[in-house]
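The next block holds one structure in the form of structure tokens; read it before the comments.
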Amino acid sequence: MNKPKILILDEPVAGVDVQSSEIFYSILRELNEKEKITIIWSSHDMDAVNKLVNKVACLNRTLFFHGASNEFFEDEDLVKQYSEASMQQHMHFHEAH
């Protein structure tokens with residue numbers, strides 16, 4: 001069986017209830033820790049990102065930040081700026097569709 005080195009996910013728990021999301025994230029944590037799989041995932045859930053990741057890349061047509069997650073979340077202005085830009089983009093996308 002193949003052993004992947006990288007797992008890429010796009011909003012993997014969008015529309016999923018909280019309990020199922022927590023189970024899913026615990027599986028990801030286990031894959032990362034025990035199998036040493038790098039996990040790259042996109043998310044607008046800042047709470048999950050804050051709890052689960054060790055590196056962050058914030059993108060919204062440009063790279064806002066790339067580095068350690070604790071550095072990102074320690075900068076309140078950066079978190080606010082990214083969260084607002086992300087929400088505006090999200091709303092614009094849904095208005096267009």
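All of the numbers you see were taken from the coordinates with simple rules; none came from a lab. Because the structure is predicted, anything quoted here is derived from the model rather than measured. For neighbour counting, all protein chains shown are included, and Cβ atoms are generated from backbone atoms with ideal geometry for every residue, glycine included.
Skipping prolines and chain starts, which residues have an amide H placed within reach, meaning under 5 Å, of the one on Ser42, given they are 5 or more residues away or on another chain?
Under 5 Å from the amide H of Ser42 lie the amide H atoms of Leu9, Asp10, Glu11, each far enough along the sequence or on another chain.
Say each of Ala14 and Asn32 gets a label point 7 Å from the Cα, pointing the same way as Cα to Cβ; how far apart are those two points in nm?
2.1 nm
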